[in-house]
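Undergrad: What follows is a single structure, and I will ask about it in a moment.
The values are calculated or read from the model by the stated rules, or taken from the named source; none is laboratory data. Bear in mind the structure is a predicted one, so any value in this text is a computation, not a measurement. Please note: Cβ atoms are built from the backbone with ideal geometry, for glycine as well, and neighbour counts cover all protein chains shown. Calculation scope for accessible area: heavy atoms of the full protein, side chains included, ligands and nucleic acids excluded. Shrake-Rupley method; radii C 1.70, N 1.55, O 1.52, S 1.80 Å.
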Amino acid sequence: MKKWFAVIGDPIAQSKSPEMHNTWFDLDGFDASYIPIRVKPEDLEKAINSLNLLGVSGFNVTIPHKTTIIPFLDEIDETAKLMGAVNTVVRLKNGHLKGYNTDGVGFVRSLEEKVGNELRNQPVLMIGAGGAARGIAFALKNQGYENITVTNRTLSKARDLIDALGSGKVITNEEASQMLNKYKIIIQTTSAGMNYGEFSLPFSIDRMSKDAIASDIVYNPLVTPFLQHAKEIGATVVTGVGMFVHQGAIAYEHWLGQYPDTKLMVEKLTEQLN
Ligand code: ATR
């Protein structure tokens, strides 16, 4: 029987997930389709019950539901529990809904696809301590990254993250700006990084090393102000497209048991967004 999948969020029209998954279904020969559904926050529980009733095989969850969905699921994977956020739901054979978080691991796969896995002992600086940063920090640590520092406008949130992680350092934005050249991998996870113009970044990144690897989790715009600067000084740039594609690929693997063609998808979306 035909399988169907969805992504729920608000807004949802801009999502590239339907196009990505439908392309993979075609390539892999699955009789399946994937649709975007706008779900307002107050309708979340009803929407989830409806998806389940109508036999969805699985779905993705995006802003603003990643945290609020948790009480409505039957099971939560350990990593998603630690992160306090779910972006992927699988409908199990018994009808239970199980939540996973594939964002953090998606980020690490994207990073290592670009720069390999030999930098795990290098100093990493994470800018931001929100939900996205949390997922990435846990995934980096699980993958063996030993030297993680977090900076955030609100320092207490950076501390909470490092406490939850059980290792790592916290520095102020001011310190991060001063010592930026010490970091090999710099990951921009704040929503401030999305905007061009005066308030585009929490602090000056003039001291970024040209040997650094600069990565942003935002993929639209493809080249954020942070990445633009990195590009100009000759640093290595990892755009947010890879993370988006790999988080989707890991979800796809949960649903269908095989990993789709991520390389082709990164190329296709990069071309589209350029
Ligand atoms: P997400 O789940 O997408 O990570 P979030 O949990 O709202 O979103 O986190 C947003 C991150 O961007 C936080 O680190 C936030 O800093 P605060 O903890 O100080 O709020 C950061 N951020 C958002 N706007 C910012 C701004 N104008 N300047 C600096 N940091 C900003």
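Undergrad: Could you grab the pairs with beta carbons closer than 8 Å, sequence gap of 6+ or different chains, first residue in the stretch 122-139 and at positive phi and more than 9 Å from the ligand (Cβ to nearest atom), second one open to solvent by less than 10 Å² (accessible area, probe 1.4 Å) and at pLDDT below 95?
TA: No pair meets every condition.
Undergrad: As an exercise: evaluate Glu146 against (1) modelled with pLDDT under 95; (2) away from the ligand (no atom under 15 Å from the Cβ); (3) within 29 Å of Leu264 (Cβ to Cβ) and give the number of the one condition it does not meet.
TA: Of the numbered conditions (1) modelled with pLDDT under 95; (2) away from the ligand (no atom under 15 Å from the Cβ); (3) within 29 Å of Leu264 (Cβ to Cβ), the odd one out for Glu146 is (3).
Undergrad: Residue by residue through the stretch 123-146, note down the ones that are over 18 Å from the mean Cα position of the chain (by Cα) and open to solvent by less than 60 Å² (accessible area, probe 1.4 Å).
TA: The answer is Pro123, Gly144.
Quick grid of which residues meet (1) in contact with a Lys or Arg (Cβ under 8 Å, 6 or more places away or on another chain); (2) closer than 24 Å to Ser200 by Cα; (3) among the hydrophobic types (A, V, I, L, M, F, W, C):
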site	(1), (2), (3)
Leu140	no, no, yes
Glu146	yes, no, no
Leu155	no, yes, yes
Ala158	no, yes, yes
Ile162	yes, no, yes
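Undergrad: Hey, can you tell me all the residues within the stretch 199-237 that are within 22 Å of Asn173 (Cβ to Cβ), touching a residue at least 60 places away in the same chain (Cβ under 8 Å) and more than 16 Å from the ligand (Cβ to nearest atom)?
TA: Matches in the stretch 199-237: Ile213 only.
Undergrad: Would you pick out the residues in the stretch 63-78 that are of a type in the set (Val, Ile, Thr), out of contact with any Leu (no Cβ under 9 Å at 6 or more places or on another chain) and surrounded by fewer than 17 Cβ atoms within 10 Å (Cβ to Cβ)?
TA: Listed by number, the residues that qualify are Ile63, Thr67, Ile70.
Undergrad: Out of everything in the stretch 33-62 that is touching a helix residue (DSSP H, G or I) at 6+ places or on another chain (Cβ under 7 Å) and touching a residue at least 40 places away in the same chain (Cβ under 8 Å), what residue ends up being most open to solvent (accessible area, probe 1.4 Å)?
TA: Only one residue tops the list, namely Ser57.
Undergrad: Also, I was wondering about something else. Considering only residues that are part of a loop (DSSP other than H, G, I, E, B), within 19 Å of the chain's Cα centre (by Cα) and either among the aliphatic types (A, V, I, L, M) or within 19 Å of Tyr100 (Cβ to Cβ) (or both), which ones fall in the stretch 1-23?
TA: Ile12, Ala13, Ser15
Undergrad: If you don't mind, another one. Can we say Asn87 is within 16 Å of the ligand (Cβ to nearest atom), touching a helix residue (DSSP H, G or I) at 6+ places or on another chain (Cβ under 6 Å) and farther than 30 Å from Trp4 by Cβ?
TA: The answer is no for Asn87.
Undergrad: Can you confirm whether Asp26 is outside any loop (DSSP other than H, G, I, E, B), open to solvent by 60 Å² or more (accessible area, probe 1.4 Å) and at pLDDT 95 or above?
TA: Criteria met by Asp26.
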